[in-house]
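Novice: Have a look at this one.
The values are calculated or read from the model by the stated rules, or taken from the named source; none is laboratory data. Keep in mind that what you see is a predicted model, and the values were worked out from it rather than measured. Here Cβ is always computed from backbone atoms with ideal geometry, including for glycine, and neighbour counts include all displayed protein chains.
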Amino acid sequence: MNKLELHWKILIGMGAGILFGFLMSSFSWGYEFVLNWIAPFGTIFIRLLRLIAIPLILVSLIKGVSDLKDISAFKNIGLRTIVIYIVTTCLAITIGLILVNIIKPGKGLSEETIQELTETYAGDSTITTNIEQAEHQESGKPLDFLVDIVPDNIFGAMSNNQLMLQVIFFAILFGISMLMIDPEKSKPLAKLFDSLNHVILKMVNIIMMIAPYAVFALLAQIIVSSNDSEILLKLLNYVITVLLGLLIMIGVYLIILYLFTGRKPRWFIKGIAPAQLLAFSTSSSAATLPVTMERVTNKLGVDHEVSSFVLPVGATINMDGTSLYQAVAAVFIAQALHIPLDFMDQLTIVLTALLASIGSAAVPGAGMIMLVIVLESIGIPADKMAIGLALIFAVDRPLDMCRTVVNITGDSMVSVIVANSLGKIHDPEKGSEHDNKYVSE
């Protein structure tokens, strides 16, 4: 009897977690029970994924770059990757702006609802913190983002998952340096990183064994901690606009994939489904990265040297789902507060959302910080900022879960396109030129 595939196990875990969460919500003691006895297992799982993320990026990227044998090949991968990421992000923002201007979700929001949401959420510590972090990020110099990419202490960078770009910089520099010395001298080091890569992939495999149980815990916690369902109904037009945009963006990915590679959508979705489901459960591209890399390499057949660069870079600079959400949220807030936006304002949203997405932390809630920057760029008054964030704060977490799915789907799509354009895609059953077969159990 064949084993049930991983994505079906995760789906069952998600469904059971949602039902269990609703069941516990009906009891006065249910919230405390889930928080004390169920939620810790989800937290442990996310910690395990974050634990493995930096070692996986470091080892796989060094191995991938050093396996290229030619620096020009790395330049081809890097250039294609950055260009496609910028194009897809602009597409996402444009789709969001078109939808929000057509549907106009902010026009239907009553003054009573605005007042209620403001009183409930405007003073929330999370909103205040996000505004402060955005102001700190804006106060820097124009080229600070370049300075921030270069670490002054690699061990310090590796101890903080939000400094992923610094780890990527070090790994690329290390891999290129290996290419530039005598192959005989770098051979022992290459063997070490090859061995480490297989060990870390096995660690990912072990961690994934508890994924179905972990998503049960994560979804149960989210359900019992969710806000009043009446608020969701009041913001339904806004939620529908964002979800419709995210769905269209996934459709755009599948069309682009088929046009440029001839690969069928079903093949792609089946390959990355477990990563998508984990992205939904964790709301973090960074936490999902180890699984995304394993699926793209071993199920979609992208050569290790491509996936080890494209995916970690994508997790930090390619946030299509988040950028689309920012476009919708910014215009929605302006509509609800009766602040007119002209064409130049909306063009500013495109440029600001694109720049804000680069280097933003791939963690839950990072999109809210980026949104503050976008709102300030279009002149939303400071006294209206907290009100604007309060309007969408109640439904931010479930939408964050959905946009993270789009983020990692976009990363995976780009890795397949880049690999296909360079002839770096292989039959998963046979393995790539450099990688031995690794089978997910």
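Novice: Give just the number: which of (1) closer than 18 Å to ARG295 by Cβ; (2) under 27 Å from the mean Cα position of the chain (by Cα) does LYS3 not satisfy?
Specialist: That leaves (2) as the condition not met.
Novice: Identify, please: which residue in the stretch 209-227 is among the small types (Gly, Ala, Ser) and closer than 24 Å to LEU389 by Cα and is, among those, surrounded by the fewest Cβ atoms within 10 Å (Cβ to Cβ)? First the steps, then the outcome.
Specialist: Residues of the stretch 209-227 among the small types (Gly, Ala, Ser): 211, 214, 217, 220, 225-226.
Filter once more, keeping what is closer than 24 Å to LEU389 by Cα: 225-226.
Numbers: SER225: 14, SER226: 17.
The extreme case among them is SER225.
Novice: Any chance the stretch 228-235 includes a residue that's surrounded by 17 or more Cβ atoms within 10 Å (Cβ to Cβ) and at pLDDT 95 or above?
Specialist: Kept after step one, since they are surrounded by 17 or more Cβ atoms within 10 Å (Cβ to Cβ), are these residues of the stretch 228-235: 231, 234-235.
Keeping just the survivors that are at pLDDT 95 or above gives none.
Checked against the condition, which is being surrounded by 17 or more Cβ atoms within 10 Å (Cβ to Cβ) and at pLDDT 95 or above, the stretch 228-235 yields no hits at all.
Novice: What do you reckon, is LYS185 within 26 Å of LEU51 (Cα to Cα) and charged (D, E, K, R)?
Specialist: When the stated conditions are applied, LYS185 does not pass them.
Novice: Right, THR89: surrounded by 17 or more Cβ atoms within 10 Å (Cβ to Cβ), over 22 Å from VAL291 (Cα atoms) and not charged (D, E, K, R) or not?
Specialist: On the way: surrounded by 17 or more Cβ atoms within 10 Å (Cβ to Cβ): yes; over 22 Å from VAL291 (Cα atoms): yes; not charged (D, E, K, R): yes.
Judged against the criteria, THR89 is a match.
Novice: Only one of (1) over 23 Å from ILE12 (Cβ atoms); (2) of a type outside the set (A, V, I, L, M, F, W, C); (3) more than 16 Å from the chain's Cα centre (by Cα) fails for ASN298. Which number is that?
Specialist: All conditions pass for ASN298, except number (1).
Novice: Something else: Can you give me the ranges of the helices (runs of 4 or more DSSP H) entirely in the stretch 138-208 with at least 3 residues that are among the hydrophobic types (A, V, I, L, M, F, W, C) and surrounded by 11 or more Cβ atoms within 10 Å (Cβ to Cβ)?
Specialist: It comes to 154-158, 164-180, 183-208.
Novice: Can you tell me which residues in the stretch 254-295 are surrounded by 24 or more Cβ atoms within 10 Å (Cβ to Cβ) and over 24 Å from LEU218 (Cα atoms)?
Specialist: Scanning the stretch 254-295 gives no hits.
Novice: Now for a separate question. Give just the number: which of (1) surrounded by 12 or more Cβ atoms within 10 Å (Cβ to Cβ); (2) over 25 Å from THR352 (Cα atoms); (3) in contact (Cβ under 8 Å) with a residue 60 or more places away in the chain does GLY123 not satisfy?
Specialist: With respect to (1) surrounded by 12 or more Cβ atoms within 10 Å (Cβ to Cβ); (2) over 25 Å from THR352 (Cα atoms); (3) in contact (Cβ under 8 Å) with a residue 60 or more places away in the chain, GLY123 is out only on (1).
Novice: Residues in the stretch 44-86 that are among the charged types (D, E, K, R), over 22 Å from SER159 (Cα atoms) and surrounded by fewer than 17 Cβ atoms within 10 Å (Cβ to Cβ): how many? Don't jump to the end; show me each part of the working.
Specialist: Going through the stretch 44-86, the residues among the charged types (D, E, K, R) turn out to be 47, 50, 63, 67, 69-70, 75, 80.
Cutting the leftovers down to over 22 Å from SER159 (Cα atoms) gives us 67, 69-70, 75, 80.
Filter once more, keeping what is surrounded by fewer than 17 Cβ atoms within 10 Å (Cβ to Cβ): 69-70, 75.
The number of residues fulfilling the criteria is 3.
Novice: Right, next: All but one of (1) surrounded by 15 or more Cβ atoms within 10 Å (Cβ to Cβ); (2) assigned to a loop (DSSP other than H, G, I, E, B); (3) of a type in the set (A, V, I, L, M, F, W, C) hold for LEU4, so report the exception by its number.
Specialist: The failed condition is (1).
Novice: From (1) over 23 Å from ILE46 (Cβ atoms); (2) within 22 Å of the chain's Cα centre (by Cα), pick out the condition that doesn't hold for LEU246.
Specialist: (1)
Let's see how each residue does on (1) surrounded by fewer than 19 Cβ atoms within 10 Å (Cβ to Cβ); (2) of a type outside the set (Ser, Thr, Tyr); (3) modelled with pLDDT under 90:
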{"position": "VAL331", "(1), (2), (3)": "no, yes, no"}
{"position": "VAL372", "(1), (2), (3)": "no, yes, yes"}
{"position": "MET385", "(1), (2), (3)": "no, yes, yes"}
{"position": "VAL395", "(1), (2), (3)": "no, yes, yes"}
{"position": "MET413", "(1), (2), (3)": "no, yes, no"}
{"position": "GLU429", "(1), (2), (3)": "yes, yes, yes"}
{"position": "SER440", "(1), (2), (3)": "yes, no, yes"}
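Novice: Now, a different point. Identify the residue in the stretch 244-270 that is touching a Leu at 6+ places or on another chain (Cβ under 7 Å) and either among the aliphatic types (A, V, I, L, M) or touching a residue at least 60 places away in the same chain (Cβ under 8 Å) (or both) and, among all such residues, is farthest from ASP411 (Cα to Cα). Don't jump to the end; show me each part of the working.
Specialist: Applying the first criterion (touching a Leu at 6+ places or on another chain (Cβ under 7 Å)) to the stretch 244-270 yields 244-246, 249, 252, 263, 265, 268.
Filter once more, so that each one left must be either among the aliphatic types (A, V, I, L, M) or touching a residue at least 60 places away in the same chain (Cβ under 8 Å) (or both): 244-246, 249, 252, 263, 268.
On the way: LEU244: 20, GLY245: 17, LEU246: 14, MET249: 13, VAL252: 13, ARG263: 16, PHE268: 12 Å.
Residue satisfying both the conditions and the ranking: LEU244.
Novice: Of the residues in the stretch 24-43, how many are under 25 Å from SER284 (Cβ atoms) and either in contact with a helix residue (DSSP H, G or I) (Cβ under 6 Å, 6 or more places away or on another chain) or surrounded by 12 or more Cβ atoms within 10 Å (Cβ to Cβ) (or both)?
Specialist: From the stretch 24-43, those under 25 Å from SER284 (Cβ atoms) are 24-25, 31, 34-43; that's our starting set.
This time we only want the ones that are either in contact with a helix residue (DSSP H, G or I) (Cβ under 6 Å, 6 or more places away or on another chain) or surrounded by 12 or more Cβ atoms within 10 Å (Cβ to Cβ) (or both), so: 24-25, 31, 34-35, 38-43.
Counting residues in the stretch 24-43 that are under 25 Å from SER284 (Cβ atoms) and either in contact with a helix residue (DSSP H, G or I) (Cβ under 6 Å, 6 or more places away or on another chain) or surrounded by 12 or more Cβ atoms within 10 Å (Cβ to Cβ) (or both) gives 11.
Every residue, every condition in (1) in contact with a strand residue (DSSP E or B) (Cβ under 9 Å, 6 or more places away or on another chain); (2) β-branched (Val, Ile, Thr); (3) in a helix (DSSP H, G or I); (4) under 30 Å from PRO151 (Cα atoms), yes or no:
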| residue | (1), (2), (3), (4) |
| --- | --- |
| LEU19 | no, no, yes, no |
| TRP37 | no, no, yes, no |
| GLY64 | no, no, yes, yes |
| SER72 | no, no, yes, yes |
| ASN76 | no, no, yes, yes |
| THR118 | no, yes, yes, no |
